[in-house]
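Report on the structure given below.
The values are calculated or read from the model by the stated rules, or taken from the named source; none is laboratory data. Predicted model only: the values in this text are computed from it and were never measured. Keep in mind that these areas ignore ligands, DNA and RNA; they rest on the heavy atoms of the full protein, side chains included. Shrake-Rupley method; radii C 1.70, N 1.55, O 1.52, S 1.80 Å.
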Amino acid sequence: MMPPGIPVAAMGIGKAAAKNAALLAARILALGNPSIAAQLAKRRQKDREKTLAKDREVRARFGG
């Protein structure tokens, strides 16, 4: 475990890890590119909406 304030990127193996590596690279590039930053913001919002919709679905089905 790294102490606070030390940036690290943990990567795994497989499709999910490749996706995470690509997102990390995009976030790094976005630091100097407002266009990429805007695209990432849209992506995060879309992912958030999808997660919240799935949460509502699960709560409706199983209670909560």
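Is it the case that Ala25 is within 23 Å of Ala10 (Cα to Cα), modelled with pLDDT under 95, open to solvent by less than 90 Å² (accessible area, probe 1.4 Å) and part of a helix (DSSP H, G or I)? Before you say what the answer is, go through the steps one by one.
Working: within 23 Å of Ala10 (Cα to Cα): yes; modelled with pLDDT under 95: yes; open to solvent by less than 90 Å² (accessible area, probe 1.4 Å): yes; part of a helix (DSSP H, G or I): yes.
Judged against the criteria, Ala25 is a match.
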* To do: Those residues that are among the β-branched types (Val, Ile, Thr) and open to solvent by 90 Å² or more (accessible area, probe 1.4 Å), I need them from the range 28-64; list them, please.
  => Ile28, Thr51
